[in-house]
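Here is the structure we will look at, set down as structure tokens.
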Amino acid sequence: MKPILTALFFFALAIWPASASEPFPFGSEMMLEAAPMHGTKRMPMLEIEDDGATSIDLWCTSVQAQATVGADGTITIVPGATQPAQCTPERETVDQDLITALSQATGWRRNGDLVELSGATTLRFRLMTN
């Protein structure tokens, strides 16, 4: 009987939600897990402060936003106006697509250095630990 209880205990630990044991990384820079875009070394970054103030660096431009992050794994991101930049039409399109995906995010979960935002599109961000 004891081996079965031990196995059930470890199974429960394995499926326990990551957001319940790992808090949201407020104040940390997170880089989007994506293939680099041709012609630039810039990668999209996201940083959400404790008060919800959010900085979003896109492929070409930057946006300030307001986020509400719930301990229950919910998230809402409301982007502000995009700062003007000289971008190619391709980069403007992917920037807008990323802003749309972020504004449609409804959930988050964290597993170590990986933070996943879920919604209409799933976005994976890696904590910058350097």
Is it fair to say PRO17 is farther than 17 Å from LEU123 by Cα, touching a strand residue (DSSP E or B) at 6+ places or on another chain (Cβ under 9 Å) and at pLDDT below 95? yes
List, please: which pairs have Cβ atoms under 6 Å, are six or more places apart or on different chains, and start with a residue in segment 39-60 that is under 13 Å from THR88 (Cβ atoms) and end with one that is hydrophobic (A, V, I, L, M, F, W, C) and in a loop (DSSP other than H, G, I, E, B)? TRP59/MET37; CYS60/ALA85; CYS60/CYS87
Filtering segment 105-118 down to residues that are in a loop (DSSP other than H, G, I, E, B) and surrounded by fewer than 15 Cβ atoms within 10 Å (Cβ to Cβ) yields THR106, GLY112, ASP113
Restricting attention to segment 50-93, which residues are in contact with a Phe, Trp or Tyr (Cβ under 8 Å, 6 or more places away or on another chain) and at pLDDT 95 or above? ASP50, VAL69, GLY73, THR74, ILE75
Condition check for GLY73: in contact with a strand residue (DSSP E or B) (Cβ under 7 Å, 6 or more places away or on another chain) and at positive phi: yes
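The values are calculated or read from the model by the stated rules, or taken from the named source; none is laboratory data. This structure is a prediction, so every number in the text was calculated from the model and none was measured. Glycine also receives a Cβ, built like all others from the backbone with ideal geometry; neighbour counts cover every protein chain displayed.
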